[in-house]
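Trainee: Before we start, here is the structure in question, set down as structure tokens.
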Amino acid sequence: DATHHSKGCAAVYQSQYNPYSERRLTLLAELDKAIDANKLCLHFQPQLDIEADVITGFEALIRWTHDDFGQIFPDEFIPLAEQAGHITKLTLWVIRQALLHLQELSQAGYDDIGIAVNISMVDLENDSFIEKVQRLLEGSSVAPARLTLELTETALMQDPEGALSALQALRAAGVLIALDDFGVGYSSLSYIKKLPLHKVKIDRSLVSDLASEPDASVVARTAIDMSHGLGYEAIAEGVEDIEALNLLRSMHCRYIQGYWLARPMPWEFAIEWLRTYAAHARERAAERDIRA
Ligand code: C2E
Ligand code: MG
Ligand code: MG
Ligand code: MG
């Protein structure tokens, strides 16, 4: 929640300011154990198709519940996991959880709902990663296309050529690929055209200023149009208010995610949240029919 979040941000700043801070060294030393000791957990944030008023899926967002420090956010410990060589173990754990939850969703009657997992460029550089993902998919009854892997534009640009072949292999395994945080990195348009993407996630920074800054809406509109022009779905992240939602709708951005819809939540609440949303969607549709 908001208080935790601001604490998390302060901590990120602190550890960047002093790369050898005590907290950072502690976390670095404990990370591997934390994975095995079930200290990591996932929160799930829903994604909405605003045209159909239907929930299309959830993004899995990792947290670490530390015995001394409390809840720690990924912006602080994912870079440490990457440096310490633990990231691929962590990513595979997240994918395993996602596949289990997808199975649960099917059992609850939600066969069309997907889950998105964030991956790191370090994963794509790991020779065995793709093979392990394939094996997890084979061991699961879930259709691979219900799993989306999100890679940030900035991460991708660290090694564009390496990313391209790895993403093609993942695409061949049947998962969907999303380009995350689009609009803050420096990728060339000709390069993005070559990628085997399905979705482009418009970065929160472009979305949050929409209502207040005319220039922001020009940039967001351009990013959305580019995504559609290349045949990708555009999904806006960080939608916090109805003004941003309405502007995105006018720009034909069909998918959104953000606090306006819901904050990331523990899995225990996700299916119940889905049921409630669907029930209200029926009410909203009935209201529209009455008015029309
Ligand atoms: P992201 O993938 O762009 O995820 C969206 C982040 O924005 C999440 O922060 C989410 O809580 C936050 N957010 C969602 N809606 C809103 C909104 O309306 N307003 C604002 N201000 N924020 C919103 P979180 O969970 O702290 O994650 C931060 C980043 O950490 C993620 O950015 C992602 O890049 C990375 N991350 C999270 N989980 C994992 C993971 O399992 N593996 C890897 N490799 N990276 C992860
Ligand atoms: Mg993401
Ligand atoms: Mg993002
Ligand atoms: Mg982001």
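Trainee: FRET efficiency for residue 69 and residue 240, Cβ-Cβ distance as r, R0 = 25 Å, nearest 0.05?
Mentor: After rounding to 0.05, the efficiency reads 0.40.
Trainee: With a/c under 1.5 counting as rounded, go ahead and sort the stretch 54-171 into rounded, prolate or oblate using the C-alpha gyration tensor (a ≥ b ≥ c being the square roots of the eigenvalues; past the cut-off, prolate if a/b is larger than b/c, else oblate). Intermediate values should be presented prior to the final figure.
Mentor: On the way: a/c = 1.79, a/b = 1.16, b/c = 1.55.
Oblate is the answer for the stretch 54-171, as a/c is 1.5 or above yet b/c matches or exceeds a/b.
Trainee: Which FRET efficiency value, to the nearest 0.05, is calculated for residue 131 and residue 84 with the Förster distance at 30 angstrom and r the Cβ-Cβ distance?
Mentor: Efficiency at R0 = 30 Å is approximately 0.85.
Trainee: Kindly provide the pair-distance distribution of the chain built from C-alpha pairs, with 10 Å bins from 0 and whole-percent values in order of increasing distance.
Mentor: All Cα pairs, binned at 10 Å, distribute as 6, 26, 35, 25, 6, 1, 0 percent.
Trainee: Now, a different point. What fraction, in whole percent, of alpha-carbon pairs in the stretch 112-230 exceed 26 Å separation? Before the final figure, lay out each step's value.
Mentor: Details: 1664 of 7021 pairs.
For the stretch 112-230, the fraction of Cα-Cα distances above 26 Å is 24 percent.
Trainee: Another question about this same structure. Tell me the net charge near residue 197. Cut-off is 11 Å between Cβ atoms, residue 197 excluded, with +1 for each Lys or Arg and -1 for each Asp or Glu.
Mentor: +1
Trainee: Run through all the Cα pairs of the stretch 223-292 and give the fraction in each 5 Å bin from 0, expressed as whole percent.
Mentor: Per 5 Å bin, starting at 0, the Cα pair percentages come out as 4, 14, 17, 18, 22, 14, 10, 1.
Trainee: Related question: Taking one equal scatterer on every alpha-carbon of the stretch 164-292, how large is log10 of I(q)/I(0) by Debye at q = 0.15, 0.17, 0.19 1/Å?
Mentor: Cα-only, vacuum Debye calculation for the stretch 164-292: -0.84, -1.00, -1.12.
Trainee: List the aspartates and glutamates whose Cα lies under 20 Å from the Cα of residue 132, skipping any in the same chain that are fewer than 8 positions away.
Mentor: Answer for residue 132, where 20 Å is the Cα cut-off: 32, 36, 82, 123, 150, listed by chain and number.
Trainee: Right, next: Using a Förster distance of 35 Å, how high is the FRET efficiency between residue 284 and residue 211, based on the Cβ-Cβ distance and rounded to 0.05?
Mentor: 0.95
Trainee: If you don't mind, there's one more thing I want to ask. Relative to the first principal axis of the alpha-carbon coordinates of the chain, what is the inclination of helix 267-291, with its axis defined by its Cα atoms, in degrees from 0 to 90 and to the nearest 10?
Mentor: Approximately 10 degrees, to the nearest ten.
Trainee: Chymotrypsin sites (Phe, Trp or Tyr not before Pro) within the stretch 190-292: which are DSSP loop residues with at most 13 other Cβ atoms inside 10 Å? Walk me through the numbers on the way to the answer.
Mentor: Working: sites: 191, 232, 255, 259, 260, 267, 269, 273, 277; in loops: 232, 259, 260.
Loop-located and lightly packed - 259.
Trainee: Next question, about the same structure. Solvent-accessible area per residue for the chain at a 1.4 Å probe radius, Å²?
Mentor: Normalised by residue count, the accessible surface of the chain is 49 Å².
Trainee: Can you tell which of 64, 46, 223 lies farthest toward the positive end of the dipole of the chain, using +1 and -1 charges on the Cβ of basic and acidic side chains (Lys, Arg; Asp, Glu)?
Mentor: 46
Trainee: Taking the 0 to 90 degree range and rounding to the nearest ten, how far is the long axis of helix 87-107 tilted relative to the main principal axis of the chain, both from C-alpha atoms?
Mentor: Between helix and principal axis, roughly 40 degrees.
Trainee: When the accessible area of the chain is computed with all protein chains present and a 1.4 Å probe, what percentage of it is carbon and sulfur?
Mentor: 52 percent
Trainee: So for each of 63-70, 117-124 I average, over its residues, the number of other beta carbons within 10 Å; can you give me the resulting order with the highest mean first?
Mentor: Those peptides, ordered most packed to least, come out 117-124, 63-70.
The values are calculated or read from the model by the stated rules, or taken from the named source; none is laboratory data. Everything numeric here is computed off the predicted structure, so don't read it as measured data. Quick reminder, even Gly has a Cβ in these numbers, built from the backbone with ideal geometry, and neighbours come from all protein chains shown. Ligands, DNA and RNA are stripped out before the accessible areas are found, and what is left, the full protein with its side chains, is counted by its heavy atoms. Shrake-Rupley method; radii C 1.70, N 1.55, O 1.52, S 1.80 Å.
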